[in-house]
Amino acid sequence: MHWSAGESFKLWCDIFLGMPTKITLQLHSERDFRMPRFTGHIARALVLHMIRMADPAAALELHQLNVLKPFAVEPLYFKAKEKYADGYLADCTSPCRMVVKVLDDSMVQEFVACMSSSAMVMIRDCEMRIGEMRIEQRGYCDMGKRFGADPGEAGGLLKFGIRFETPTLFAVKDARYYSLFPEPELALMNLLRVWNKFSGGSAEREIPKAFREWVRRRVGVVGYELAVQRIAVERAKARSGFTGWVKYEMADKEYAALVAKLLDFAEYSNIGKDRTAGFGVARGWMGQRVAQPGYEKSSRT
């Protein structure tokens, strides 16, 4: 679905409120502008600025520390005209795209309203005009269905995997360092925690302990291709994250349906630490074949 900036979205709110939502905004500049190598934190700052302008109380709530946030972003997509050691010169003849993913039923309408009410935003010292808005949604009840009616059926579907398209890292309880490898328990329990927070369902809330034990005993890594890179973030400590893919295998299909839901959900939630700042953009798959990258080659991360 498409709207221009400021266009009415009441009908959309009446019909579709209550689904994980991906909002894509087209941003237009009158001149070329500089971008750092990683832009996830810029996308997050733009989202929080829009919300603060429309609803300061809501923005303050989204700034709370150590609380799961109802949104995530992807790094900005743009066409690079020149490349520098610390970033790029973005070409103003192509729009810059911002992708925001909203998970909380009660926040979807507010996010769209805030973005629709803004006509201009700033990226560093460059004024950007908000153009077309595109909205994509998938219901929580529909998550995992694209993998088939029986995600654990024969034909190799006991294998599944995740492609990590932007740098990813995991916080480990009581550990001094972050983990730079997607162990099954880290990846799946991270997704389940976010799912349980925002899906509104009750069935999954009752099984975290049993599911964790099943993952520990019955799920393993059978292949991977990962690369670690160090990401410099403006006004923050640089950190490392991995990109690439990991293939897992289940020894049985007891929780295959839940795994399918979580793999589908990953596209809307991001995964791992700093998911709200463009880290952990991910896509899941089930079966033998490795999912192809969804993060466009022309994008800059």
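Values in this text are rule-based calculations from the coordinates and carry no lab data. Here the structure is a predicted model, which is why all the values come from computation and not from measurement. As a convention, Cβ positions derive from the backbone with ideal geometry for all residues, glycine included, and neighbour counts pool all protein chains shown.
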* For the range 82-93, what does the Karplus curve 6.51 cos²θ - 1.76 cosθ + 1.60, with θ = phi - 60°, yield as ³J(HN,Hα) per residue in whole Hz, taken in order and with x for Gly and Pro? -> 9, 10, 10, 4, 10, x, 9, 9, 7, 7, 6, 6
* **Matching label, Kirkwood radius over Cα pairs in Å computed from the structure shown, candidates (1) 20.0; (2) 21.2; (3) 19.3** => (1)
* Structure fact -> So, over other residues within a Cβ distance under 13 Å of L169, counting Lys, Arg +1 and Asp, Glu -1, the net charge is +3
* To do: State, to one decimal in nm, how far the label point of D252 lies from the label point of R129, with both points 7 Å from Cα in the Cβ direction.
  => 6.2 nm
* Asked: Where does the longest stretch of the chain lie that holds no GluC sites (Glu not before Pro) found in a DSSP loop with 16 or fewer other Cβ atoms within 10 Å?
  -> 31-152
* Using the alpha-carbon atoms, what tilt in degrees (0 to 90, nearest 10) does helix 40-54 show relative to the longest principal axis of the chain? -> 60 degrees
* To do: Note the angle between two axes, namely the Cα long axis of helix 208-218 and the longest principal axis of the Cα atoms of the chain, as a number of degrees from 0 to 90, rounded to the nearest 10.
  => 70 degrees
* Taking the chain as the reference, fit the longest principal axis to its C-alpha atoms, fit the long axis of helix 184-198 to the helix C-alpha atoms, and give the angle between the two in degrees, 0 to 90, nearest 10. => 60 degrees
* So what's the back-of-envelope 222 nm ellipticity for the chain, counting only DSSP H runs of four-plus at -39500 (n - 2.57) apiece and dividing by all residues, rounded to 500? -> -8500 deg cm²/dmol
* Residues in the range 107-138 that a label on E61 would reach, taking backbone N under 13 Å of a point 7 Å out along Cα→Cβ -> 107-111
* Structure fact -> Computed from the beta carbon distance with a Förster radius of 45 Å, FRET efficiency for A232 and R289 to the nearest 0.05 stands at 0.85
* Please identify the trypsin sites (Lys or Arg not before Pro) of the range 92-137 that satisfy two criteria: DSSP loop assignment and at most 15 other Cβ atoms within 10 Å. Which are they? -> R124
* DSSP loop chymotrypsin sites (Phe, Trp or Tyr not before Pro) in the range 168-277 with at most 12 other Cβ atoms within 10 Å of their Cβ, which ones? -> Y177
* Structure fact -> Most exposed to least, judged by fewest other Cβ atoms within 10 Å, I130, I51 sort to I130, I51
* Treat every Asp and Glu Cβ in the chain as -1 and every Lys and Arg Cβ as +1, leave all other atoms uncharged, and give the resulting dipole magnitude about the Cα centre to the nearest 20 debye. => 800 debye
